[in-house]
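The structure appears right after this line, and notes come after that.
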Amino acid sequence: MIRLCPSILNANFDELPNEIAKVARVSDLLHLDVMDNKFVPNFTFSFERAREIIESSQLPVDVHLMIANADEEALPYLETKAASITVHLEACEDPLSLLTEIRKRGKRAAIAIKPGTGIDEIRELLPALDMILVMTVEPGFGGQKFMSEMMPKVEAARKWLDEGGFGDTWLQVDGGVNLETIAMARKAGADTFVAGSVVFNSPDPEGVIETLRHLAASVK
Ligand code: DX5
Ligand code: ZN
């Protein structure tokens, strides 16, 4: 199964209901990038603002927390109706406890790794994971170039999931996914795709998502 998750990082923040409506019909989840200006050198939303977006979204929300001290700072998000919560391995003291807590609250629990973090570092967390996010750019900003050198990590994770019987665990890529790069990520084994600037910088966001889905589905 292929899932498309548009990121609103490059959408117009003053018109979010409108922007979300542009993609709702053809998307699986809405990807919400929360940045705290500590874990990454950029700020997007306070918790209060993020909660408003999560509670009012027509799409289930995939929350990508790029925030420091996730063990504590992620907890308020467990009280929202987010469908999925992703925390960064690099921002957690005790990722296993946090992931377990996320699941306990009925949400999909996910871990993200930055480009400099090896995939082996999350291996022991596999049974606690509903999604693995392999970052294909350095987190912080939209519109960066896709790092194809991350594909061996996606391939390794795909192998673990297939061979370990983790059939319900999604494998997501985020950063630089566009019409030229999505096939490469699909070929490596990703099934869940975040796309920001390619969608919201287009006059036809729906059309772009449909084309991305088609390109991913065409990979043999
Ligand atoms: C980057 C964010 C991404 C970003 C993707 O830190 O996590 O979700 O919005 O945007 P594009 O598709 O433009 O790379
Ligand atoms: Zn993201």
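Worth a mention:
- Any hit, the stretch 174-184, residues being within 14 Å of LEU30 (Cα to Cα) and not basic (Lys, Arg): yes
- Figure legend. Inter-residue proximity from the stretch 1-26: first residues basic (Lys, Arg), second residues within 16 Å of ligand 1 (Cβ to nearest atom) and in a strand (DSSP E or B), beta-carbon distance below 6 Å, spacing 6+ or different chains. Indicated pairs: ARG3/THR192.
- In the stretch 171-220, the residues that are in contact (Cβ under 8 Å) with a residue 60 or more places away in the chain, hydrophobic (A, V, I, L, M, F, W, C) and buried (at least 20 other Cβ atoms within 10 Å of the Cβ): PHE193, VAL194, ALA195, VAL199, PHE200, ILE209, LEU212, ALA216
- Inside the stretch 75-117, residues that are of a type in the set (Gly, Ala, Ser) and either under 24 Å from MET147 (Cα atoms) or more than 15 Å from the chain's Cα centre (by Cα) (or both) make up a count of 6.
- Odd one out for PRO6, checked against (1) touching a Leu at 6+ places or on another chain (Cβ under 6 Å); (2) open to solvent by less than 10 Å² (accessible area, probe 1.4 Å): (1)
- Some residue of the stretch 44-54 being buried (at least 17 other Cβ atoms within 10 Å of the Cβ), free of Cβ contacts under 8 Å to residues at least 24 places away in the same chain and either within 15 Å of ligand 2 (Cβ to nearest atom) or within 18 Å of the chain's Cα centre (by Cα) (or both): yes
- Looking across the stretch 81-107, just one residue is of a type in the set (Gly, Ala, Ser) and either at pLDDT below 95 or more than 21 Å from VAL61 (Cβ to Cβ) (or both), and that is SER97.
- Index of the failed condition, GLY164 passing every other in (1) farther than 16 Å from MET147 by Cβ; (2) within 15 Å of ligand 1 (Cβ to nearest atom); (3) of a type in the set (Gly, Ala, Ser): (2)
The values are calculated or read from the model by the stated rules, or taken from the named source; none is laboratory data. Please read all numbers here as calculations on a predicted model, not as lab measurements. Positions of Cβ are generated from backbone atoms using ideal geometry, with glycine treated the same way; all protein chains shown enter the neighbour counts. For accessibility, only protein heavy atoms count, side chains too; no ligands or nucleic acids. Shrake-Rupley method; radii C 1.70, N 1.55, O 1.52, S 1.80 Å.
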